[in-house]
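Here's the structure we're looking at; comments come further down.
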Amino acid sequence: MKGLLIKDWFVIWKQGRIMIILSLIYSILAVTGSGYFFAGFSSVFLAMLPLTVMGLDERCKWDHYAIALPYSRKDIVMSKYIITVLGALAASVLFIASTVIKWSIDGNAGDFMSLMKQAFMLMSLGLFYSTINLPIAFRFGVDKGRLWFTLITVIVVAALGGIITIFTTDMEQIGGFIQNLPFLVVPMISFALLAVSYVISVRIYENREL
Amino acid sequence: MNALVIKDLSKAYKGFKLDNISLTLPRGCIMGLIGENGAGKTTTIRLILNSRKRDSGSIEIFGEDNRINFKEKKEDMGVVLDEAYFPDNFTVKQVNVVMKSTYKRWNEELFYRYIDKLSLPHEKAFKEFSRGMKMKLSIAVALSHDAKLLLLDEATSGLDPIARDEILNIINDFTRDESNSVLISSHIVSDLEKICDYIAFLHKGRLVFCEEKDELLEKYGILKCSRADFEAVPPDAVKGVKENNYCIEALVERRRIPSVFSVERASIEDIIVFIAREGTGR
């Protein structure tokens, strides 16, 4: 699988550089007081890297070629999930590094545990994006899957919104609930969902005709 | 041991069916898979590669079903596909780095020898390559990891005659090692006639024949005669007929033609064109 990851890295470095640069800018914006909204952007941008690579692969029909190389379909799927995890980790590291730099510039350090928690939340957001989108991309391809990405994102957001409206009256209540969860619960749930997503993607890709 | 054995292979799509294909490629031989566009050549190769699922039949590579240990088997296979390429921004150097981590027996030195022999630039991006250069690069990759079986799908189509000749020579050299075999698909019959030991002719999803090239050339001939003379030709010796106002031209089985007739040598292209024409025209 190493060859697949190296190939993806070459593609990302050339074609996805703009996304990496944007992630860096958003991370800086997030910690310089422009709001954590930008940190979320940064995380999702990095989480989008596997889809960007898959889109480029489709264009040159690399996936048809890769299947003829000594890789299993599982290897091909796994390589995209590894990039997802690396991308999400990179977003968190970027966020932590930017915050720590800002703390040292301002001369007052914040709560490091709280920072770690926020970084894990960011990572989970990126993982969640891929959890939903990668199986769709493996089923329909990135180009044909765009409509499905949009549709499923709308459904997930609407469903979450519905659940929130039904069970709570106060958004802060949810924020507080998440904040009070033990340190690693959210990332662990995210990784568990990502593992389920991987199994679904493998099953889809093993049945796909190339 | 045979390099490749296909038995009763079928695959149906909407509007097309690859119907009960059987063929055997012995080790050390080159087999040409010939057929018009849409005859089922690419489908056959994709089924061998397991990138599509067969409806029925079996495929054995080096004596084992291609669904068993296929990842390992692909180490012994070099593949060139018609329209599957490296990413646009890739250079020869990057291809080498990726393949070094892909094939256990990747031979970097041999790869660069092929690259130089085929006059491919090391630093130029793949998107700037001509089709001929792209095919040459794919062939260099296919030949640089000690493969025992080459699968080439339309590797020479769309190339100029010089590039085609270069590629055909390389393929020919590959089978000097008697354990190496090649299955090459093309609709350019003259290319395959030059290098193949066996010819498999696919037409509308069916295998019309799969025979040794020399036997085909021995078996068939072209008979040119008047309509009146043609009446004396045994009907079952005639495999295809072209007719014009002046004479009849027919593909015939040589040994069944009375010696009074003069039968010319038929090329593989003649054999295929005549047989592909529906009916004998008589």
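From B:Asp177, B:Asp191, which residue is crowded, with 22+ Cβ neighbours inside 10 Å and either in a loop (DSSP other than H, G, I, E, B) or not aliphatic (A, V, I, L, M) (or both)? Break it down into steps so the answer makes sense when it comes.
Details: B:Asp177 fails: crowded, with 22+ Cβ neighbours inside 10 Å.
Residue meeting the stated conditions: B:Asp191.
Give the number of residues within the stretch B:212-257 that are open to solvent by 50 Å² or more (accessible area, probe 1.4 Å) and assigned to a loop (DSSP other than H, G, I, E, B).
Residues flagged as open to solvent by 50 Å² or more (accessible area, probe 1.4 Å) and assigned to a loop (DSSP other than H, G, I, E, B) within the stretch B:212-257 amount to 5.
Any residue at all in the stretch B:211-234 that is more than 13 Å from the chain's Cα centre (by Cα) and touching a residue at least 60 places away in the same chain (Cβ under 8 Å)?
So far as the stretch B:211-234 goes, no, none of its residues is more than 13 Å from the chain's Cα centre (by Cα) and touching a residue at least 60 places away in the same chain (Cβ under 8 Å).
In this structure, does B:Lys127 turn out to be facing chain A (nearest Cβ under 10 Å), part of a helix (DSSP H, G or I) and closer than 25 Å to A:Gln15 by Cβ?
yes
Being within 30 Å of A:Val199 (Cβ to Cβ) and either open to solvent by less than 50 Å² (accessible area, probe 1.4 Å) or touching a His at 6+ places or on another chain (Cβ under 7 Å) (or both) is the filter here; which residues of the stretch A:83-116 pass it?
Answer for the stretch A:83-116, where residues must be within 30 Å of A:Val199 (Cβ to Cβ) and either open to solvent by less than 50 Å² (accessible area, probe 1.4 Å) or touching a His at 6+ places or on another chain (Cβ under 7 Å) (or both): A:Ile83, A:Thr84, A:Val85, A:Gly87, A:Ala88, A:Ala90, A:Ala91, A:Ser92, A:Leu94, A:Phe95, A:Met116.
Is the stretch B:79-101 home to any residue that is part of a strand (DSSP E or B), in contact (Cβ under 8 Å) with a residue 60 or more places away in the chain and either more than 20 Å from B:Asp153 (Cα to Cα) or within 11 Å of chain A (Cβ to nearest Cβ) (or both)? If you could, list the steps in order and put the result at the bottom.
Taking the stretch B:79-101 as the starting set, the residues that turn out to be part of a strand (DSSP E or B) are B:79-80.
Next, from what is left, pick out any that are in contact (Cβ under 8 Å) with a residue 60 or more places away in the chain: B:79-80.
From what's left, either more than 20 Å from B:Asp153 (Cα to Cα) or within 11 Å of chain A (Cβ to nearest Cβ) (or both): B:79-80.
For the stretch B:79-101, residues part of a strand (DSSP E or B), in contact (Cβ under 8 Å) with a residue 60 or more places away in the chain and either more than 20 Å from B:Asp153 (Cα to Cα) or within 11 Å of chain A (Cβ to nearest Cβ) (or both): present.
Please tell me if A:Leu51 is of a type in the set (A, V, I, L, M, F, W, C), modelled with pLDDT of 85 or more and either in contact with a strand residue (DSSP E or B) (Cβ under 9 Å, 6 or more places away or on another chain) or closer than 24 Å to A:Ala119 by Cβ (or both).
Values: of a type in the set (A, V, I, L, M, F, W, C): yes; modelled with pLDDT of 85 or more: yes; either in contact with a strand residue (DSSP E or B) (Cβ under 9 Å, 6 or more places away or on another chain) or closer than 24 Å to A:Ala119 by Cβ (or both): yes.
When the stated conditions are applied, A:Leu51 passes them.
The values are calculated or read from the model by the stated rules, or taken from the named source; none is laboratory data. Because the structure is a prediction, the values reported are computed rather than measured. Note: ideal-geometry Cβ built from the backbone for every residue, glycine included; neighbour counts use all protein chains shown. Ligands, DNA and RNA are stripped out before the accessible areas are found, and what is left, the full protein with its side chains, is counted by its heavy atoms. Shrake-Rupley method; radii C 1.70, N 1.55, O 1.52, S 1.80 Å.
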